[in-house]
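Novice: Would you mind keeping the following structure in view while I ask a few things?
The values are calculated or read from the model by the stated rules, or taken from the named source; none is laboratory data. Keep in mind that this is a model prediction, so the values were computed, not measured. As a convention, Cβ positions derive from the backbone with ideal geometry for all residues, glycine included, and neighbour counts pool all protein chains shown. Heavy atoms of the whole protein, side chains included, go into the accessibility calculation; ligands, DNA and RNA do not. Shrake-Rupley method; radii C 1.70, N 1.55, O 1.52, S 1.80 Å.
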Amino acid sequence: MSNTGLIQRIRSRPQPPTPMLACSKLIFCVIPVAQIIIGAIHLDDCPRQHYIPIYLIVAGVFGLVLAVLSCLPCTRTPEDGTPSPLSQVCTTWNSLTSLFLFCWFIAGNVWIYSIYQPNYIKNATSAGPYCDRTLYLFAFWTTTVVYILLALSLVGGFCVLLCFCLCGRADADDNVASPILIMSNTEVILSIRSEPQALACSKLIFCVIPVAQIIIGAIYLDDCPRQHYIPIYLIVAGVFGLVLAALSCQPSARTPEDGTPSPLSRVCTTWNSLTSVFLFCWFIAGNVWIYSIYQPNYIKNATSAGPYCDRTLYLFAFWTTTVVYILLALSLVGGFCVLLCYCLCGQADADDNV
């Protein structure tokens, strides 16, 4: 009940003026339209990587679909905070579209960055491995700008959190929150931590893969001339994965029983967030390095160091990366089934009333 009231107070905030809202939606529609136009015009102008224009067209179409769906009345929640079945379906569809765009964006990273920089000159006599300059540079910079904005948001968020920690502003904001909400969140955290054996087993499982990444990357550090960043990717990912696991076990990273985080716990939480963001960006870079050379030559030439990659190293990196997408797909299917059951049975409305 407290959560519902909090959501209603958040949703009852003043809406931005209509002209400003329309301008923001128009701006977000410009890039998808440009992607569709550039991709369609240069559809056959990139034999070096023919998926790049397709990537732009698909990303532009789904970006426009998201923009159109956000303007429909069915996506808006009524003022009483109780979503209708139609709004739940629209929200689910928006979530699925956003998730697809996220996966499609990672695929675009692989196709774009793996051929940097391509040959821009088209041979008049034969269709060689070239890529049109306008097409490639547009795809390259529209993708790179996402990381620039992410970095700026990360730096800005870190500065804001640092100011909160130094000035004690966060404590004042925490005191304004509803005591019922704090109590409910604290009870959930305490209930999770009341099972130390299950928690220890889960942490142990999540430490196995980082340790294996460090070992495999260190053993085969010089055994992938085809893409020498792959063992480095495994080592760095393993080290930061262990750092996250170690920080989660520190008492300073835990919130006290009264639900009021200490400055040290907030610093640890901020550091965990920064580490998670770095691992996310590093994971995307690993996708580019791993999938761009699929499948490499596994046979090492005894006379010269040719473009090969050790089978154990590459397959380990390939499957530890691919398993993430498999688990993501399973979570997506399971979550979609749960949401569909809620929409059909009306159980979500019953939970809100309780």
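Novice: Would you grab the residues whose amide H sits under 5 Å from the one on TYR308? Only those 5+ places off in sequence or on another chain, please, with H modelled 1.01 Å from N.
Specialist: For TYR308, whose amide H was placed from the backbone, the distant partners under 5 Å are ARG226.
Novice: Roughly speaking, what is the stretch gain from ILE31 to ILE209, that is 0.36 nm per residue apart minus the C-alpha to C-alpha distance, in nm to one decimal? Walk me through the numbers on the way to the answer.
Specialist: Values: separation 178, 0.36 × 178 = 64.08 nm, distance 3.87 nm.
Extending this stretch completely gives an extra 60.2 nm.
Novice: Taking H as built 1.01 Å from N, whose amide H comes closer than 5 Å to the amide H of ASN119, not counting residues under 5 places away?
Specialist: Here the answer is CYS131, since their amide H atoms fall under 5 Å of that of ASN119.
Novice: If you don't mind, there's one more thing I want to ask. What ³J(HN,Hα) values, in whole Hz, does the Karplus curve 6.51 cos²θ - 1.76 cosθ + 1.60 give for region 221-227 when θ = phi - 60°, with x put for Gly and Pro?
Specialist: After applying 6.51 cos²θ - 1.76 cosθ + 1.60, I find 4, 10, 10, 9, x, 4, 7 Hz.
Novice: Probe radius 1.4 Å, ligands and nucleic acids left out: which of HIS228, HIS42 has the largest accessible area, and how do the rest follow? Walk me through the numbers before you get to the answer.
Specialist: Details: HIS228 100, HIS42 30 Å².
Sorted by accessible area, descending: HIS228, HIS42.
Novice: Quick one: 3J(HN,Hα) in Hz for region 133-147, Karplus 6.51/-1.76/1.60 with θ = phi - 60°, rounded, Gly and Pro as x.
Specialist: Rounded to whole hertz, the list is 4, 4, 4, 5, 5, 5, 5, 5, 7, 5, 7, 5, 4, 4, 6.
Novice: Label LEU149 and SER331 with points 7 Å out from Cα along Cα→Cβ: what is the distance between them in nm?
Specialist: 2.3 nm
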